[in-house]
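K.L.:
Here it is: the structure, laid out below.
The values are calculated or read from the model by the stated rules, or taken from the named source; none is laboratory data. From a predicted model like this one, the values you see are computed outputs, not experimental measurements. As a convention, Cβ positions derive from the backbone with ideal geometry for all residues, glycine included, and neighbour counts pool all protein chains shown. These accessible areas exclude ligands, DNA and RNA; they are computed on the full protein's heavy atoms, side chains included. Shrake-Rupley method; radii C 1.70, N 1.55, O 1.52, S 1.80 Å.
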Amino acid sequence: MTEDRSVLTRPAPEPDGQLRYGPGPDQVADHWRGRPESPLIVVVHGGFWRPAFDRRHTRPMAAALARTGVNVLSIEYRRVPGEPRLATADVAAALRDLPVKLAGQFDGRVVLTGHSAGGHLALLAAATAPPPGLTATVALAPVADLALAARLGLGDGAARAFLGDVPPDGLDPARLPSPAGPVVLVHGDADEVVPVELSHAYRDVHPGARLTVVRGAGHFALIDPDSTAWPAVSSTLLAPATQAEPWRE
């Protein structure tokens, strides 16, 4: 199977606005406004933590979700090889600050999602720096086991490049306590970029997580509203909107 990457360069509607959570050029997020009685979906983009990939490739996904009436926030973060804590600190800061800035524009519930390396960052944040009002974490084709990704050499050694000389302790979701709240992994069984075995490996150590395997779906299908995998993804992301209360400690 050849991975369909067309979604990465497909034109999509511009966001309604942008929000900043720091002074740096990458400390910014796109915002699509939804109904105030709907939750906020926070999207963390992938790209193997490399600077060549930014949040723009998730705009088709974000715009499609926004059309359902939910609020959507797509965050950027610093992507510097060998400096993993810049990315993790940025995601934590965005999750801490931006929902507060949007108070009153959504109903207080936050659904955290991320794709690929963004799935890694979302799972990590859910375990170590959950945003207020976290209702669910939905990881799409995530690099959920950093050590396994490094051993497999995924993305031409992307995990090792991301870590540099920094020990993986505290940065690998598969080796941290489970997030305190529902976790759903969605992974295509035809994924040639991040094999589904990474999600299986995460669930092996976090048995409370739910894994949905989408038959015949590749890596990028999970962020492509035109793909046959999209209904499974969107229904999973939108399902928490029916829950009455966010998770609280």
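K.L.:
Taking the stretch 139-155, which residues are of a type in the set (A, V, I, L, M, F, W, C) and in contact with a Gly (Cβ under 6 Å, 6 or more places away or on another chain)?
P.N.:
Ala139, Leu140
K.L.:
Additional query: Give me a count of the residues in the stretch 21-50 that are out of contact with any Asp or Glu (no Cβ under 9 Å at 6 or more places or on another chain) and over 27 Å from Ala229 (Cα atoms).
P.N.:
Counting residues in the stretch 21-50 that are out of contact with any Asp or Glu (no Cβ under 9 Å at 6 or more places or on another chain) and over 27 Å from Ala229 (Cα atoms) gives 1.
K.L.:
While we're looking at this one, here's another question. Which one of Ala52, Ala87 is touching a helix residue (DSSP H, G or I) at 6+ places or on another chain (Cβ under 7 Å) and of a type outside the set (Phe, Trp, Tyr)?
P.N.:
Ala87
K.L.:
Whether any residue in the stretch 107-118 is surrounded by 24 or more Cβ atoms within 10 Å (Cβ to Cβ), outside any helix (DSSP H, G or I), polar (S, T, N, Q) and on the phi < 0 side of the Ramachandran plot is what I want to check.
P.N.:
yes
K.L.:
Does Leu86 meet the test of being at pLDDT below 95, open to solvent by 30 Å² or more (accessible area, probe 1.4 Å) and of a type in the set (A, V, I, L, M)?
P.N.:
No; evaluated as a whole, the condition is false for this residue.
K.L.:
Please work out which one of (1) in contact (Cβ under 8 Å) with a residue 60 or more places away in the chain; (2) aliphatic (A, V, I, L, M); (3) open to solvent by 30 Å² or more (accessible area, probe 1.4 Å) is the condition Val70 fails and give its number.
P.N.:
Every listed condition holds for Val70 apart from (3).
Residues are listed down the side, and each one gets a yes or a no for (1) open to solvent by less than 70 Å² (accessible area, probe 1.4 Å); (2) farther than 19 Å from Ala229 by Cβ; (3) within 18 Å of the chain's Cα centre (by Cα):
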| position | (1), (2), (3) |
| --- | --- |
| Gly155 | yes, yes, yes |
| Ala158 | yes, yes, yes |
| Phe162 | yes, yes, yes |
| Pro168 | yes, yes, no |
| Leu171 | yes, yes, yes |
| Val184 | yes, no, yes |
| Val193 | yes, no, yes |
| Tyr202 | yes, yes, yes |
| Thr212 | yes, no, yes |
